[in-house]
1. What are the pairs, 6+ residues apart or on separate chains, where a residue within the stretch 1-18 that is assigned to a loop (DSSP other than H, G, I, E, B) has its Cβ under 9 Å from a residue that is not β-branched (V, I, T)?
2. Step by step: first the residues of the stretch 31-58, then only those that are touching a residue at least 40 places away in the same chain (Cβ under 8 Å) and not in a strand (DSSP E or B), then the one that is most open to solvent (accessible area, probe 1.4 Å). Which residue is that?
3. Taking R75, is it part of a strand (DSSP E or B), open to solvent by 80 Å² or more (accessible area, probe 1.4 Å) and charged (D, E, K, R)?
4. Would you check which residues across the stretch 9-30 are more than 16 Å from A52 (Cα to Cα) and open to solvent by less than 50 Å² (accessible area, probe 1.4 Å) and list them?
Amino acid sequence: MPATEIKVTAAGVVAGKELLIPTGEQGNTLPHVQDWVTSRLKARSPVKDVSAAVLVKGIKQWAAYEERVGSRKVRTVFKIT
């Protein structure tokens, strides 16, 4: 299943989950989201699946991952088509 990286903005909390709103900017399209995860793990950058802790407005299927870069956390969200 192809996955497209999207940019999102946090918009608060709904039902205990963080609400993310897509900004319209899209990044790379991958044949499968696992390709991105595998490349991160090979680079020794551990990622954590946080898909169950977020909601993405207007998208039915998504995958969200969080990784540490320096002292901050970076969240990467994919739209699954």
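The values are calculated or read from the model by the stated rules, or taken from the named source; none is laboratory data. Bear in mind the structure is a predicted one, so any value in this text is a computation, not a measurement. No Cβ is skipped: glycine too gets one built from the backbone with ideal geometry, and neighbour counts run over all protein chains shown. These area figures cover heavy atoms from the full protein model, side chains too; ligands, DNA and RNA do not enter into them. Shrake-Rupley method; radii C 1.70, N 1.55, O 1.52, S 1.80 Å.
1. These pairs meet every condition: M1/P31; M1/H32; M1/Q61; P2/L30; P2/P31; P2/H32; A15/L55; G16/A53.
2. K57
3. yes
4. Selection gives P22, G27, L30.
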